[in-house]
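Student: My questions all concern the structure below.
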Amino acid sequence: MKQKKRFIAGASCPECQQMDTMMLYKEHDVEKVQCVECGHSMTQPENAVQASTRQFEQVIGVFKPE
């Protein structure tokens, strides 16, 4: 199965400081970010992802094209 990778526009690598080299992808249901220049990678632990979600978020409306 091919892995979908997306570049993060305007992001710079904290290691090599190059801009527009960071790509985001999922591996084993964990989002990872990696620099294509130097190979520096970062992951966010699951508990940090859950803490960043909005507790009282509600859906205002759902768009249904006709």
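The values are calculated or read from the model by the stated rules, or taken from the named source; none is laboratory data. These figures come from a predicted structure and were not determined experimentally. Counting neighbours? That spans all protein chains shown, and the Cβs are built from the backbone with ideal geometry, glycine included. Note: areas computed on protein heavy atoms with side chains; ligands, DNA, RNA excluded. Shrake-Rupley method; radii C 1.70, N 1.55, O 1.52, S 1.80 Å.
Student: Return the residue satisfying two criteria in turn: it lies in the stretch 18-46 and is of a type in the set (Val, Ile, Thr) and assigned to a loop (DSSP other than H, G, I, E, B), and of such residues it is surrounded by the most Cβ atoms within 10 Å (Cβ to Cβ).
Tutor: THR21
Student: OK, next. Please pick out the residue among GLN50, GLN3, GLN55 that is open to solvent by less than 90 Å² (accessible area, probe 1.4 Å) and either at pLDDT 85 or above or out of contact with any helix residue (DSSP H, G or I) (no Cβ under 7 Å at 6 or more places or on another chain) (or both).
Tutor: GLN3
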